[in-house]
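Everything on this sheet refers to the single structure shown next.
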């Protein structure tokens, strides 16, 4: 989630995986996994040059990510508890919100 929010907050910037690891103070494994998932969902740009950027613009996802950003900044503990404590069905609904549909 923090990876998504970082890329969303700085939509005009391209990040390397190494920069994201340093900025988030996360492991290579965690960041790489997150990047693969965001790329597979069409949320970030192609990683061919090891440069990642939030796609934004015309994506219908922008309002969802904006709402998540506001909620996380105002009450991060509640957002994390909601995600961690969600039954599988609720978590699936949450994750489905990030899928791009025609």
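The values are calculated or read from the model by the stated rules, or taken from the named source; none is laboratory data. None of these values were measured; they are calculated from a predicted model. In this analysis, Cβ positions are derived from the backbone assuming ideal geometry, glycine residues included, and neighbour counts consider all displayed protein chains.
A few remarks follow.
- Tally, over region 21-40, of residues that are under 13 Å from residue 54 (Cα atoms) and over 12 Å from the mean Cα position of the chain (by Cα): 0
- Within region 69-78, if we keep just the residues that are in contact with a helix residue (DSSP H, G or I) (Cβ under 9 Å, 6 or more places away or on another chain) and modelled with pLDDT of 90 or more, the residue that is surrounded by the fewest Cβ atoms within 10 Å (Cβ to Cβ) turns out to be 73.
- Some residue of region 37-44 being modelled with pLDDT of 90 or more, under 22 Å from residue 10 (Cβ atoms) and surrounded by fewer than 12 Cβ atoms within 10 Å (Cβ to Cβ): no
- There is no residue in region 5-15 that is under 10 Å from the mean Cα position of the chain (by Cα) and surrounded by fewer than 15 Cβ atoms within 10 Å (Cβ to Cβ).
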